[in-house]
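All remarks here apply to the structure that follows.
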Amino acid sequence: MRNVYAFIVRYHFVLLFLILEIFSLVLLTRSAQYQQSIVVGAGNRVAGAVYALSDKVGNYFKLGKVNESLAMENAILRQMKSVSFMKTDTSGFWIKDTLYRQQYHYVVAEVIHNTVGKRSNYIMLNKGRKHGIEKDMAVINPSGVVGTVVGVSDNFSWVMSVLNRNTRISAKITSSNEMGTVVWNGLNPAYATLTDIPGHVKMHRGDTIVTSGYSFIFPSGILLGIVQDFRVDNGERFYTIPFRLSVDFNALQYVYVVKNLMKEEQEKLEQTTEGVKDE
Amino acid sequence: MSRLVWINALRFVLLMMLQILIMNRFNLYGYLNPDIYLMFILLLPFETAGWLLLLLAFFTGLTMDIFNGILGLHTAATVFAGFARPFVIKLVGERPDYDTTTQPTLHQMGVKWFATYAAILLFIHQFVLNFLDVFSFAEFWNTLFRIVLSTAITLAFVILFQYLFSSRKA
């Protein structure tokens, strides 16, 4: 027994290191596995409070730009008034899309923390469970797709940005309706990549890429970006299409968190027909 | 002794705030990630016990993780850097026995020593951080490029802060 004790004392540095490092790696793999940040309750409150305060300070300097974009948006929304009815309350508004018979609820939230420099970037919003935000809700802004909610606490939410190595967004090219997947290769915060488009499809510079609506998260038709250059990989039969993201992730200020009210029904239906489909 | 404790406690708080409020917004080109909070581990006194060094590294990394979203990422990288610190000090050169300097700062150890020491530890730190972030070796060169750039800019800031804020007295 004394030998064990002596051993521990002698190598305590390495042993402690191994304990701490393995603990950290376990934490990390758990976070990465479930593609969500394991948000420590108290920690998140502190982080949220700090970011909310610092955001308030920074906001003052951005007021001009924000005013401009809000004014533009107001103009667009006024035009839409006759088609959809809007009930504005302090936190959200409804849009009834009669064409697809789906209902979307939009919650406005402010971005209080954002990164673009890492391989996996996350955004923190100043609204949470109390405001109706749940995991797996879509996050967009007037320019297009921003990300997906991956973690929620009472007053704050974590959003997985499009600029994230785990991003997989079902998308389509507007002109041809061809379906593909949007991923981010980590090289440039202004560009993402569209994959899985077969090589025989006609592509043009300037084609727009939008959400397909096939995931139950994003409404269809939300802009992701515009095609710039593309190539077919030699030997592959699919395109790898880099495109310019429509959203400027360096200037995120206000976003909308979208709740698809049909989501539960769609998911349930998918689950019940899983068994039937295999027969 | 207690004066050192206060200095380091203050250093911790200031560095955390600096990193979270300002450095994390440094989004130029998407590659440059100045993680200057490692400076706290860099500047801990030479006599800091090994276990204390590791624990402080752990909590420093954990604090960063809480503000960044993925628990474990910065923690693992900072703990590793803390583990490497004694070896790096040995490598770059221990202070001579007669020397009574207590902190590995630029003013006390000289620019060359400090720059080498900081560069190696920052590189190790960024290396672990970035490869854990990517979680594979698939984008090796891309990640390496990111590591080198981040190390360079962090080193620049660290040295700058040393000149700006460290006093010249022993």
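Just to verify a number: what accessible area does B:L155 come out at with the full protein assembly present, 1.4 Å probe, Å² rounded to tens?
In the full protein context, B:L155 sits at about 40 Å².
Most fluctuating residue of B:F40, B:F67, B:F123 in a GNM of chain B with Cα springs under 10 Å: which is it?
B:F67
When the accessible area of each residue in the range B:63-77 is compared between its chain alone and the complete protein assembly (1.4 Å probe; ligands, DNA and RNA ignored), which residues differ by at least 50 Å², being lower in the assembly?
Hits at the 50 Å² cut-off: B:I66, B:F67, B:N68, B:G69, B:I70, B:L71.
For the range A:160-216, with every protein chain kept in place, what is the accessible area per residue (1.4 Å probe, Å²)? Can you show the working numbers first?
Numbers: 2360 Å² over 57 residues.
I get 41 Å² per residue for the range A:160-216.
How much FRET efficiency would the formula 1/(1 + (r/R0)^6) give for B:R3 and A:K202, where r is the Cβ-Cβ distance and R0 is 60 Å, rounded to 0.05?
Values: r = 73 Å, r/R0 = 1.21.
Efficiency computed from Cβ-Cβ geometry: 0.25.
Over all alpha-carbon pairs of the range B:104-159, lay out the pair-distance distribution in 5 Å bins, whole %, shortest bin first.
Binned Cα distances yield the sequence 4, 21, 26, 19, 13, 9, 6, 3, 0.
For the residue pair B:K90 and B:H107, what label-to-label distance in nm results when each label sits 7 Å from Cα along the Cα-to-beta-carbon direction?
With each label placed 7 Å out from Cα toward Cβ, I get 3.1 nm.
What's the carbon and sulfur percent of the range A:162-273's accessible surface, probe 1.4 angstrom, rounded to a whole number? Mind showing how you got there, number by number?
Working: 2740 of 5640 Å².
So the carbon and sulfur contribution to the accessible surface is 49 percent.
Just which residues of the range A:4-32 lose 40 Å² or more accessible area with every protein chain there, against their chain alone, with the probe set to 1.4 Å?
A:F13, A:L16, A:F17, A:L20, A:E21, A:S24, A:L27, A:L28
Find the sum over both chains of the accessible area lost when B and A are paired, probe 1.4 Å, and report it in Å² to the nearest 100. Walk me through the numbers before you get to the answer.
Details: alone 9500 and 17530 Å², together 23450 Å².
The buried area between B and A, both sides summed, comes to about 3600 Å².
If you count only protein heavy atoms with a 1.4 Å probe, what accessible area per residue comes out for chain B, rounded to a whole Å²?
Working: 7740 Å² over 170 residues.
Normalised by residue count, the accessible surface of chain B is 46 Å².
Suppose the Debye formula is applied to equal point scatterers at every Cα of the range A:194-273; what is log10 I(q)/I(0) at q = 0.14, 0.26 Å⁻¹?
-0.67, -1.19
If you roll a 1.4 Å probe over chain B with all protein chains in place, what percent of the accessible area is carbon or sulfur? Don't skip to the end; give the middle numbers.
Numbers: 5720 of 7740 Å².
Looking at chain B in its full context, I get 74 percent from C and S.
The values are calculated or read from the model by the stated rules, or taken from the named source; none is laboratory data. What you see is a predicted model, and the numbers here were worked out from it, not measured in a lab. Cβ sites come from the backbone with ideal geometry, for glycine too, and all protein chains shown count toward neighbours. Accessible surface areas use protein heavy atoms only, side chains included; no ligands, DNA or RNA. Shrake-Rupley method; radii C 1.70, N 1.55, O 1.52, S 1.80 Å.
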